[in-house]
Each structure stands twice: as structure tokens, then as C-alpha cells.
1. Applying 1/(1 + (r/R0)^6) with R0 = 22 Å to the Cβ-Cβ distance of residue 168 and residue 195, what FRET efficiency is obtained, to the nearest 0.05?
2. Throw me the Rg/Rh for segment 258-309, computed over C-alpha atoms with Kirkwood Rh, two decimals.
3. Going by C-beta contacts inside 10 Å, put 410, 460, 349, 315 in order with the fewest on the left.
4. Using just the Cα positions, wrap segment 1-45 in a convex hull and report its mean projected area in square nanometres, one decimal place.
5. In percent, how large is the relative contact order of the chain, given Cα pairs closer than 8 Å and 6 or more residues apart?
6. Relative to the longest principal Cα axis of the chain, at what angle does helix 298-310 sit, 0 to 90 degrees, rounded to 10?
7. Roughly speaking, what is the centre-to-centre gap between segment 175-254 and segment 47-105 when only Cα atoms are used, to the nearest Å?
8. Using the alpha-carbon centroid of each, what span in Å lies between segment 344-372 and segment 257-300?
Ligand code: DUC
Ligand code: ZN
Ligand code: ZN
């Protein structure tokens, strides 16, 4: 076997891409897929995939890792623990955040986060740059330089004290991103509605976690989407709307895309599988299900599934934001905090793919190829990770081999992140990634983790969807609507 041309052959499995499902062996040399076909010659090593599904490793385009919140609370996970948990859930690439807080130098922030990831990550990673302090230096120097270096997406918050940027500054960012060919990702909720609701609810004594979804009124989402899309249209700058949670929000995106506005959008498992009722628990327990925007209703879940089916939403990310249920995280303000004092966010890197596989493949909702598209192929395309997102010749051999019949009941203890709980505890999933490869090397094999901190590689990116050719200039679409846009 030593004269074999392949270092590894994955033999006899069923390969799935975003367009096809077919029986094939996969031949790998070094880090790369070099052959897909039947009856490939023996490899130096082989993996028997008979009866199994051979899928591209997941690409999770939205995860908060080793990140300090604006309130000063550190995520429970390091790069090592977060990426290990991602790998156990079949994900081999992650885009996380280099988060600037007010007063910080963006360049130093990027240097610091890349150093943390280089030391700890066990899967490949890229960064969105969070900008919260929109200075002239950020606009004139940092964004052009960092985008040119391969940090080609910027994230902005329209809400959250100490993070949000006002409309004018948001326009500055969109204009700078347009010139640099960066994508702008946005947490879009109306800040005024939320802070006013929080104040009113708190004054009336409604402080339990179950009032958090009330405070993030559903209209705060559709209003912010509408305003953001107007800005995007004004400047002809592509945007990615993060974590869509409502039927109305999805409808706003559908309408804008129908007009040709370059709006991309994601949703997350928490909006497809949880509802606001999950927060209605005794004491502070509901804090474990608290994220922003909050989970909504089963009607919203149906609307989001439909929006994924129609392509109005193009991907599903985790928004992994882990805070422990103790005084280092969710309960930092004490055992009975007001919902306003509770850190927002859920762990999800590990459960994203199994939850979606169970719904989409095992229970037949949209099917296997759509599962691959939403969780791997589309994020790789939109964020310009050309080596990732498919089983195809020339791609990185990032592969998850799934046992499609294995049943797993989720427990807190089985998770590999450091949060200490999963909001999906008790759910039984059919289908599980049993072997996971990163660039041709086994990372996970059953319960065994074979990765090492530092195995992950920084992925520098060109502009992705922001730089893609095609699409009409907004001014061409409707000159009257965008009078003067060409001068900006
Ligand atoms: N909301 C955010 O905006 N970010 C992290 C997690 C969350 O719930
Ligand atoms: Zn967000
Ligand atoms: Zn987030």
C-alpha cells in the first residue's frame, strides 16, 4: 500500500453536496481532496464509510469566542474549548469576532484576537471585526488596511449600550466598507424600543427572564431591518443581517431582495427550535435560554423555515455566545438578577449541525443537500472561503462522516464547551457526526479528540459577497429613489 498515490481514501460512503447526493470514494493527498469516484485504488490509510454520509465540514459564520462583552463579562470558552466543541459537532471552520470596545485600537484588537486563536484553535478560523468606536482613524486607516489584509467583514451593533453605533456612523462604516469591498454584518434591533421597554417593564416589577423577549419587541427587529436596508440601498453596499428571529423581519428581507438590494441574512438554531416559552422557568433558570434577539413563537419558526427554503435567508449560524449559569456568567449580578443584568447568549457550536441534521435530514424538512448548503456551502461562498464548503476536487479535505441512524439524547455533561449546559438538553437527535477530518487529518473519531491547540489556521479572505461581480447598481435600479447616490 505504501506506493498508493492517496494518503487517505474514504471508501464506500454516500457523498452529499449542496446539489447532489451520490455514492463515491473520496481520495485525499495531503490536505486536499484530489479524487471522487467509484473503485478508487487503495490509499495509504482508509476510512470505511459504508452506510455513512460523507459531508463537508460545517462552516459556522457567527460565533463569539474568548470575547469580552461590553459589560465586561468574558465568554466561558477559550479558542481551544470552543473549537473542540465545534469539531465534535462536525464543524471545521468558524468565523468569530475581533471585538473593539470604545477607546480600543482596532489594529491592536485584531492582533490580540489572532494571537489567542493561533495558540488555541483546533479548527480553521477567520474574523469579523466588531467596530463600536467609529473614529476617523477606523474609517480612513484601519478598515481599508485590514480588509486588504484579509479581514473582509465588519460587524456593527444597532443596539446594546457601549456597542451600538448611531445611524450617521453606520453610514460612515457602510461607505468605508463599500470602498474597501468588505461585507458589513449587523445586529439590527431598534435600541430605543428595547431600552424604553426594559425601563417600563423594570419599573413595574417585571424582571424575570421571561420578560426579556417582551422587551425585545418584535417590531424592534423589523424597524431596524427596514432602516438598515435603506442605508444599504442608499450606498449600494451589501449587508449581512445577523440572527433573523421574526416573521416580519424575514418579510422585510424578502421584499428588499426582490427589489435587488444586496441583503444577505442568517438565522440560528435558537430561532428554529426554541420559543419565548423556554424562558418561562422558576427563579433565574430561564436565563439559560436568554439571547438577543430572543427566541419567539412557533409561527416565527415556520416563517424562518420557509424563508430558508425560498432563499430569503441563506445560512444558519450558531451565534455561539457561552456564559456559565453561575457568578462568572449569567448570574454575575447575583442569584436573582433582573433580566437586564443577565448576559445574552447561548452555546451552540456543537449542537448546530446535529439539530439541523435531525430536522432537515432525519425528519425530511428541506433535505440533505439543503442542509449542506445552509450550514457549509453558502457560508463559505458568501464569506469567500474558497477552500471550504463542499466535497469537490481541489477543496480542503474538511469532512464529517455522519452516522445517519445514531440516536443521541443531548445532556449538559456530554457537551465539550465550557458553558456547563445546553439549551437543548433532553432532545433526542437522530444522526451524528462520528468522524471529522480537518484538512485530511482526523480531528474527531467517536469520543476521541485527536486535534491539538494550534492546529487551526487563520483564513484570510477577499471581499466575498461584497466583492462579487454582478448585481445592478442601486442607482440603475431606480434612479428616482436613489437620486445622488453616485456622488457619495
Ligand atoms: N446576542 C448578541 O447580540 N450577541 C451574542 C449573543 C446574543 O444573544
Ligand atoms: Zn448579535
Ligand atoms: Zn452574535
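1. Working: r = 19 Å, r/R0 = 0.87.
Between residue 168 and residue 195 the formula returns 0.70.
2. Working: Rg = 13.7 Å, Rh = 12.4 Å.
The Rg/Rh ratio comes out at 1.11.
3. On the way: 410 19, 460 13, 349 33, 315 26.
Fewest-to-most ranking of 410, 460, 349, 315: 460, 410, 315, 349.
4. Working: hull surface 12.4 nm².
Dividing the Cα hull surface by four gives the mean projection, 3.1 nm².
5. Values: 1178 pairs, mean separation 105.4, N = 488.
So the answer I get is 22 percent.
6. 60 degrees
7. Rounded to whole Å, the Cα centres lie 23 Å apart.
8. With segment 344-372 and segment 257-300 each reduced to a Cα centre, they are spaced 15 Å.
Read-outs: derived from the displayed coordinates by stated rules, not from any lab. The shown structure was predicted, so the numbers you read here are calculated from the model rather than taken from an experiment. All Cβ positions, even for glycine, are placed from backbone atoms using ideal geometry, and neighbour counts span all protein chains on display.
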